[in-house]
Amino acid sequence: MNLNLLMQRAAMRLGFHVVRKFRNPAYTLMGLGRYDFRTVLDVGANRGQFAQAMRPRFPRATFHCFEPTPA
């Protein structure tokens, strides 16, 4: 049995789920990170947290952020 599998099983016994970075949808944006988006709409933007997190991943995109809720 290889070392990676042993480490993964040990982590699972401790309650952790180990996933490689390139297979993690949170990191890869479900595969969308490979596209060169030029426009990003953030509807329900609150204070723009999503746009701030995505700006480094899509540096050439123009971001349009909307918060329709007055509160």
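Order L5, L41, L14, most accessible first, counting only protein heavy atoms with a 1.4 angstrom probe.
L14, L41, L5
What is the distance, in nm, between label points placed 7 Å from the Cα along the Cα-to-Cβ direction at L14 and at A61?
3.5 nm
What is the percent carbon and sulfur in the accessible area of the chain, measuring with a 1.4 Å probe over the protein chains and ignoring ligands?
About 59 percent, which is the carbon plus sulfur part of the accessible surface.
Can you give me the accessible area per residue for the chain, using a 1.4 Å probe, in Å²?
With the other protein chains kept in place, the chain gives 88 Å² per residue.
If you build the convex hull over the alpha carbons only and average its shadow over all orientations, what do you get for the chain? Give it in nm² to one decimal.
Computed as one quarter of the Cα hull surface, the answer is 7.3 nm².
The values are calculated or read from the model by the stated rules, or taken from the named source; none is laboratory data. Owing to the predicted nature of the structure, the values given are computational and were not obtained by experimental measurement. We place every Cβ from the backbone using ideal geometry, glycine too, and count neighbours over all the protein chains shown. SASA here: full protein model, heavy atoms, side chains in, ligands and nucleic acids out. Shrake-Rupley method; radii C 1.70, N 1.55, O 1.52, S 1.80 Å.
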